Amino acid sequence: MDLATLLPFVVNVIAGGLVLGFVYAIIALGYTMVYGVLQLINFAHSEVFVTGAVVGFEVFRVLAPNPMNGYLKLLIALVAAMIVSGLLNVLIERLAYRPLRNAPKLVPLITAIGVSLILQDVLRIIEGFQGRFDLTYTLPAGFSGRFCAEGSSCAGLGNVLRTVGIDLQLKDVILIVVALLSLAVLNYLVNRTRLGKAIRAVAQDRVTAGLMGIDANRMISATFLIGGALGGISGVLFGIKFGTVNAYSGFDPGIIAFTAAVLGGIGSIPGAVLGGLVLGVIQNLIGVTNIFGQLLGIANLEAIDASYQRIGAFIVLVLILIFKPTGLLGKSNVEKV
Amino acid sequence: MKKTALSLSVLAALALGGASAQTTIKLATLSPLSGGQSDLGTQIRNGAQLAVNEYRPQFQRLGLNLQLIAYDDQADPATGTSQARKIASDRSILAVVGTLNSGVAIPSSAALQPSRVALVSPANTANQVTDRGLSNMNRIVARDDAQGPAGANFITGTLKAGKVYILNDKTAYGEGLAREVEKALKAKNVQVVGNEGTEEKSDFSSIVAKIRLQRPDAIYFGGIYNQVGVFIKQLREAGVTTPVVGGDGLDSSELATIAGAGANNIYFTTVAAPIEALPAARTFAANYQKTFNDTAQGFGAFGYDAAKVALQGILAAARANGNKAPTRQQVETAIRRGNFTGLLSGNVSFNSVGDRRAATLYVMNVEGGKYKLATSVPVRPTKQ
């Protein structure tokens, strides 16, 4: 195989990794927001995100016969998922974490795992009653088609991508745009508004912020609302990207997104995004390592097949934690666990 | 007064029973009649019931009163084994049709072996079911190790593929199947461009990228429908229309649901034939519908066949025993050594360990979300 076929292949694998990375990044933001404020790892976030995916599925399913614009359907799905997941996350915090806020750190962690298991079965029961288990997204026509298909005339971005040899589906592009928009809004919310300032104050020192007249409980609720809404968005993106979701789908991407948050430096918003993107690309590259082994005739590389793509991500995490324990963009804070 | 009438009628009934002087013998079924797999288990019981109805007159002529008794194993090995012990203690039961699950068949047949109760299985495919060489365990379906080569034959024979990409789900089932397929393909000089495992349930982008680069003529995936369905969906969305072949792990209507618009050009091998694939099954299907007010499926037909094998075995043993009720051991020998005809799925005879000498695997095709029979492949166990 020559360079002319191999180069676009590598470029496409990296591009695919970035698309995947954006899904992880938005999930990772949910972990990092809550951790930043409460130093709590919200293990129920993977189910909050699956709830978003389920809401998205229901919206697309109900709207499928409706001839309305596909992008409008997407917007409705996103908003509905944000509301449901956001409120769910607030509810979880109110019922499962707030009563335990002064307990040892291990206690809310265990509760979080418990909440996660409960939510899995609740979701399964709700969908099971309607005779469904694996939920398959019915996307608006065209979403699954190629972005700037061969033969069609493309302008702007499509043309650039085609010249470089990147072959994406329309839904991949939609996914990246939604992810970037959510990031921009989040960034504005946290860094430029009074609410963001108050959240940051609570994150820095809950007691002192309270003395300055900030209602810490309200700010924590707001953080969970924002984190949950991000979970809802990422759920819909996950459903669009992979096409199917069930009540137990959250575990794997949840663990990877959590890894991404730690890799980037947990508590750091740009860190979560960077971590997600890095893990997405690394996963995809490790997934194709055996092809290079085959082409170059290196038996050791040939043995590294797709079953290693997860392990590779975790090896990177371990290496980072050994050499830079705070993560890629994290600030050192001795007190954090 | 009432009491007298009652005792009189009891006496009369006893007298009548004595007059016909019949010995009651029983055929048992052991299959899940409750729980998630009860749909399939009930098919087996109903199929066996039809066979018993059909054979009752023949037994009557020998002075034997034939009955069917159904046991529920709930698809659970422990329940199945305790039911097997109950069966062993009922001396009038001469043979068992069952089970649905290999995991239940293995301990249950071991529990029945000391009392020499023969089993004829309509469904179990695990190699271990007969590899233990029990004298009482027989099956009328193909083994798991026939499935890999059958899939490979289909890939080379029907699909005419010269280049194949093999995937597996990293389980004992998927890896074993993929290994058998690879072995068979290499023996036919087919180029295997990859054999890799993945436990991934949602993201197949790197595998799809490799497949697009390699351009295989066919893809074999040793796995279960819920994983393979997602893979196929993403494969088709990436614009790859290559046929995907798999084993009976794909035999579920959920496969087409998950793959959605991509549920095209999919093939899988399975042991339970669709009724329409069995030429003799039309009368059976009509009869089943009339008796049970339900549609007959593959396992119903195989339950019927397995029961016929058992009943013909009992009849042969009875004749050899001077037209008297035979012993369990005589029945066990008659089933293992016999030659059984008039079945929906063709004639049956068993090898020394209880595998059907010539069984059939069916290749199903999924096209536009619809399942239909593509072809059937005759298979033989390695040990004759």
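The values are calculated or read from the model by the stated rules, or taken from the named source; none is laboratory data. Because the structure is predicted, anything quoted here is derived from the model rather than measured. Quick reminder, even Gly has a Cβ in these numbers, built from the backbone with ideal geometry, and neighbours come from all protein chains shown. Just so you know, the surface numbers come from the protein's heavy atoms only, side chains and all, with ligands and any DNA or RNA stripped out. Shrake-Rupley method; radii C 1.70, N 1.55, O 1.52, S 1.80 Å.
Values as computed for the structure displayed
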item	result
Residues being open to solvent by less than 10 Å² (accessible area, probe 1.4 Å) and either within 16 Å of the chain's Cα centre (by Cα) or of a type outside the set (A, V, I, L, M, F, W, C) (or both) - total across region B:100-120	6
Cβ pairs under 6 Å, 6+ apart, first in region A:297-315 and facing chain B (nearest Cβ under 10 Å) and farther than 13 Å from A:T259 by Cβ, second surrounded by 15 or more Cβ atoms within 10 Å (Cβ to Cβ) and hydrophobic (A, V, I, L, M, F, W, C)	A:A306/B:I207; A:Y308/A:I286
The one condition in (1) under 29 Å from A:N187 (Cα atoms); (2) in contact with a strand residue (DSSP E or B) (Cβ under 7 Å, 6 or more places away or on another chain) that A:S249 fails to fulfil	(2)
Among the residues listed as B:V141, B:V164, B:V181, the single one being assigned to a loop (DSSP other than H, G, I, E, B) and either in contact with a strand residue (DSSP E or B) (Cβ under 8 Å, 6 or more places away or on another chain) or more than 11 Å from chain A (Cβ to nearest Cβ) (or both)	B:V141
Residues of region B:310-352 classified as more than 19 Å from B:G47 (Cβ to Cβ) and surrounded by fewer than 16 Cβ atoms within 10 Å (Cβ to Cβ), total	12
Any hit, region B:180-187, residues being in contact (Cβ under 8 Å) with a residue 40 or more places away in the chain and either on the phi < 0 side of the Ramachandran plot or open to solvent by 30 Å² or more (accessible area, probe 1.4 Å) (or both)	yes
Test result for B:T79, open to solvent by 20 Å² or more (accessible area, probe 1.4 Å) and either outside any helix (DSSP H, G or I) or not aliphatic (A, V, I, L, M) (or both)	yes
Selection from region B:243-284 of residues that are part of a helix (DSSP H, G or I) and either open to solvent by 50 Å² or more (accessible area, probe 1.4 Å) or free of Cβ contacts under 8 Å to residues at least 12 places away in the same chain (or both)	B:E254, B:T257, B:A261, B:E276, B:R282, B:T283
All positions within region B:49-65 that are touching a strand residue (DSSP E or B) at 6+ places or on another chain (Cβ under 6 Å) and open to solvent by less than 60 Å² (accessible area, probe 1.4 Å)	B:Q49, B:V52, B:F59, B:L64, B:N65
The listed residue being more than 10 Å from chain A (Cβ to nearest Cβ) and within 30 Å of the chain's Cα centre (by Cα), out of B:G197, B:G229, B:G260, B:G222	B:G222
Any hit, region A:118-130, residues being under 21 Å from A:A222 (Cβ atoms) and open to solvent by less than 30 Å² (accessible area, probe 1.4 Å)	no
Checklist (1) open to solvent by less than 20 Å² (accessible area, probe 1.4 Å); (2) more than 14 Å from chain B (Cβ to nearest Cβ) applied to A:N191, failing item	(1)
Region B:167-178, residues that are in a helix (DSSP H, G or I) and either buried (at least 20 other Cβ atoms within 10 Å of the Cβ) or touching a strand residue (DSSP E or B) at 6+ places or on another chain (Cβ under 8 Å) (or both)	B:Y173, B:G174, B:E175, B:G176, B:L177, B:A178
Among the residues listed as A:I166, A:I125, the single one being over 25 Å from B:A259 (Cβ atoms) and within 14 Å of chain B (Cβ to nearest Cβ)	A:I166
Helices (runs of 4 or more DSSP H) enclosed by region A:209-326 - at least 1 residues per element that are open to solvent by less than 40 Å² (accessible area, probe 1.4 Å)	A:216-242, A:251-264, A:269-287, A:289-296, A:309-323
Given (1) part of a helix (DSSP H, G or I); (2) charged (D, E, K, R); (3) under 23 Å from A:G239 (Cβ atoms), number of the condition A:E93 does not satisfy	(3)
Which listed residue is more than 17 Å from the chain's Cα centre (by Cα) and within 12 Å of chain B (Cβ to nearest Cβ), from A:V19, A:V10, A:V23	A:V10
Some residue of region A:52-63 being crowded, with 16+ Cβ neighbours inside 10 Å, within 14 Å of chain B (Cβ to nearest Cβ) and either small (G, A, S) or free of Cβ contacts under 8 Å to residues at least 40 places away in the same chain (or both)	yes
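A quick yes/no check of all residues on (1) under 19 Å from the mean Cα position of the chain (by Cα); (2) modelled with pLDDT of 95 or more; (3) not acidic (D, E):
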position	(1), (2), (3)
B:L50	yes, yes, yes
B:N53	no, yes, yes
B:L62	no, no, yes
B:Q67	no, yes, yes
B:G98	yes, no, yes
